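The values are calculated or read from the model by the stated rules, or taken from the named source; none is laboratory data. Values in this document were obtained by computation on a predicted structure and should not be read as measured data. Please note: Cβ atoms are built from the backbone with ideal geometry, for glycine as well, and neighbour counts cover all protein chains shown. The protein model used for the area step is the full one, side chains on, heavy atoms only, and it has no ligands, DNA or RNA in it. Shrake-Rupley method; radii C 1.70, N 1.55, O 1.52, S 1.80 Å.
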Amino acid sequence: MTGANLSSLSASFVTVVVLIMMAPTSLAQKFVANYDEAKIPPYTLPDPLVSQSGEPITEAGQWTTVRRPELLALFAREVYGRAPVACEISHKLVSTKPDALGGKAVRREIDVFFGDENALSMRLLVYTPKSGRPVPAFLGLNFQGNHSIDSDPTISLNTNWMRDREGTTKEHRATEAARGVAASRWPVEMIVDRGYALVTIYYGDIDPDFDDGFENGIHGQLKDEAGSIAADEKWGSIAGWAYGLSRALDYLEQDESIDASRVAVFGHSRLGKTALWAGASDPRFKMTISNNSGCGGAALSRRAIGETIGRINTSFPHWFCDNFLKYNENEGACPVDQHELIALIAPRAVYVASATEDQWADPKGEFLACVHADPVYRLLGTDGLGQSLSAGTPPEMPAPDSPINSGTIGYH
């Protein structure tokens, strides 16, 4: 995928409505977000090119054998939680529409099971252009069900638990009014016209997005497999959703219409955090795209501006592992920061997008994370941000809709 293609497609993903799930009123009153750059506490970022033992990482081989495994383990243990080993999957074709998008595409619904056909499943909605050859694909989770990205009434209406949304859900279940409600955010026809496939999954199929003590969804399905993991290190929902994305890629490796060596994983907000962790932890993903992923995603935690670790852990205690609680309003004690998450994707392509007016998600912190991941990308032989970065002088953030997209790291 070229920089031009990526820039064109990213413009659609960047057209967002900011979804900030507020905590209960009593908690919201206690937390006053800082939006003043002058009030950011002094901080020092951990160096991605210095090992935990203090050894400088100066060669690509050292990164591959020493530092990358070390950072991956730290993020799993201290932030997202450790997932069990990959389970075997099975799958079943549910439906096929050979003339989707006015005859341009084949649309399929495929159930992928986390085990045999009696296990928990997630439903993949797959659009492929009629190319006669395997094509690259965009893979992303959606918030409101596969039926929400296209108004086509033949797409199955998801019956699983949904976050309540006025007018489209009733008692945490989708209604017919939800069909196509998110279509403006999913440029399906543009993707197919450019020769790509689109694969999407309702994220609640993998793990419902509420705190139930990890008894439902993928956590309940694989409870025994995760039994040997220390309680404070057990996987949260972000790690569960990322696990589901990797199992979807397991399926795509079996799908003759998809070139599984060229799959881009993407997501918005909490699903942007998920895409970054999936891209970092599973090197099979060719490209990672996050949009407005904020705290726990692309934004530097140590900046403590907008949403903080303490606030996100209070509002969404099920997203991360319990070890992450140690860093509530104590960001400097965490052994990792989010520039190192982006660095874990190296040398593969990554594209980070921010919403201009959403200071809660700290656009500048997302940009700076890209800047501080650049040295790892260059060590591994890529052009990083594609700009000349002077030591100690970070480049200026680009203006809105003027993306940096000439390098292996892109920022919008």
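A compact table of results
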read-out	value
Furthest towards positive pole of dipole, 325, 373, 346, structure part segment 307-412, Cβ charges	346
Neighbourhood net charge (12 Å Cβ-Cβ; Lys/Arg +1, Asp/Glu -1) for residue 60	+2
Electrostatic dipole magnitude of the chain [Cβ: Lys, Arg +1; Asp, Glu -1; Cα centre; debye, to 20]	580
Gyration tensor verdict on segment 134-228 (Cα atoms; rounded if a/c is under 1.5, prolate if a/b is larger than b/c, oblate otherwise)	oblate
Loop GluC sites (Glu not before Pro), segment 242-307 (other Cβ atoms within 10 Å of the site Cβ: 10 or fewer; DSSP)	256
Accessible area in square angstrom per residue, segment 300-412, 1.4 angstrom probe	34
Probe 1.4 Å, accessible area per residue of segment 103-205, Å²	39
Among the listed pairs 39/234; 170/223; 234/273, those beyond 26 Å (Cα-Cα)	39/234; 170/223
Sites residue 118 and residue 184 - FRET efficiency at Förster radius 45 Å, r taken between beta-carbons, to 0.05	0.75
Cβ-derived FRET efficiency at R0 25 Å, residue 256 paired with residue 152, nearest 0.05	0.55
With all protein chains modelled, accessible area of residue 200 [1.4 Å, Å²]	0
Sum of side-chain charges, residue 84 neighbourhood, beta-carbon under 10 Å (Lys, Arg +1; Asp, Glu -1)	+1
Heavy-atom accessible surface of the chain: percent carbon and sulfur, 1.4 Å	51
Listed residues 100, 135, 147: farthest to the positive end of the dipole of segment 65-183 (Cβ charges)	135
Rounded accessible area of residue 277 (nearest 10 Å², 1.4 Å probe)	20
Semi-axes of the equivalent ellipsoid for segment 82-165, Cα gyration tensor, largest first, Å	24, 18, 13
Whole-number accessible area per residue in Å² for segment 41-97, which is evaluated in the context of all protein chains at 1.4 Å	54
Calculated over the chain: convex hull of Cα atoms, volume per residue (Å³)	141
Integer Hz, Karplus 6.51/-1.76/1.60 couplings in order for segment 380-385, x for Gly and Pro	8, x, 9, 9, x, 6
With all protein chains modelled, accessible area of residue 194 [1.4 Å, Å²]	90
